[in-house]
Structure formats: structure tokens, C-alpha cells
Amino acid sequence: MTEVEFHTGVVDSLSFACRLLRKAARRGARVLVTAPTSVLAELDNALWTFDEHDFVPHVRLPSTSTAVLQRTPIWLAVDTLSVHHAAQNFQADAAPRVVVNLGADAPEDLHAIDRLIEVVALDADEADAGRARWRTYRAQGLQIVHHQGSDTRA
């Protein structure tokens with residue numbers, strides 16, 4: 001069953017995501033990040049610059065070759081459908097099974113995901129959208145672990 005975590009009330013969701021993704025990459029995890037296009041562009045930039053001593057290897061979908069996807073741990077996409085399309089060309093176990101969501105719609109195929117991490121900022125519209133996703137996951141019978149507050153560290 002998919003593990004679902006919500007981190008709510010996050011003051012700087014991009015900084016939080018960068019730290020979380022750096023930690024995941026260091027541990028050898030493969031992660032898909034879903035977000036609206038504008039947020040993905042900001043995250044792409046932030047992953048290059050948030051720490052002058054670190055680089056978090058990442059790619060943007062869907063326009064990435066299979067060879068690059070196979071050696072890159074962090075994938076950035078507007079939705080999970082991009083991953084299913086990209087992953088068709090290589091072993092299923094090479095596709096990320098951890099999703100970090102920064103405001104995109106709830107993933108449709110939760111059975112293909114081991115862990116879903118929702119990062120919800122303080123913004124009222126983002127909080128409302130996060131609550132809607134929470135209700136969607138609850139309606140599917142998923143248990144949710146909640147981490148509240150801006151002091152949550154990745």
C-alpha cells in the first residue's frame with residue numbers, strides 16, 4: 001500500500017524540496033517530483049543553486065532520453081503520466097516509486113507508487129488544494145502521516 005505523508009505549513013516549499021531531494025539522492029533513491037510548470041522551472045533553477053557545494057542531479061520530463069533517465073535519480077514532471085510514458089523504454093524497477101508533489105493534481109495511479117510526499121505551503125490556495133488531495137487519498141483508504149509546521153526539516 002502506498003505510504004502518504006503531508007508536510008503542511010511549509011514556509012519555503014522550494015527550499016524544503018531541495019533539501020529533501022538532496023537527501024534522497026545521497027541515499028540512492030529515485031524520486032519523481034510533480035508540480036505545475038512554473039514551480040518545476042523554479043525548482044530546476046533552485047536545485048542548481050540552493051547549495052554552492054552541492055549539485056542534485058535531476059532531469060525534466062518528457063524530453064529526456066532513456067539513457068539520461070537511467071542514470072539520473074531525480075525526475076521533474078508536470079504529472080505522473082510523463083513517468084509512465086518515459087519508463088516504458090526500460091525496466092519498470094528503474095522508474096521512481098517515490099513521488100514528491102509540490103502542488104500538482106493527485107496522482108491517478110497510486111498503486112505504482114510506494115511513497116507519496118505532499119509538500120503544502122502556507123498560501124491559502126495551496127492549502128485548499130492540499131486539503132482536496134488529502135480527502136482524495138482518505139477516500140481511497142490510504143493512511144496519512146501528517147507533519148505540520150514550517151520548522152519541518154527534510
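Laid out as a table, the results:
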item	result
From phi via Karplus (6.51, -1.76, 1.60), per-residue ³J(HN,Hα) for the stretch 46-59 in Hz, x at Gly/Pro	4, 5, 7, 10, 5, 9, 5, 9, 9, 10, 9, x, 8, 9
Rg/Rh ratio calculated on Cα atoms of the chain (Kirkwood radius)	0.94
Computed [θ] at 222 nm, deg cm²/dmol, the chain (DSSP H ≥ 4; -39,500 (n - 2.57); rounded to nearest 500)	-11500 deg cm²/dmol
Principal axes of the stretch 95-154: Cα extent on each, largest first, Å	29, 24, 19
Cut-off under 5 Å, modelled amide H: who pairs with residue 31 long-range	74, 75
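Only the coordinates and a few stated rules stand behind these numbers; no lab work does. For clarity, every value in this text was computed on a predicted model and none was experimentally measured.
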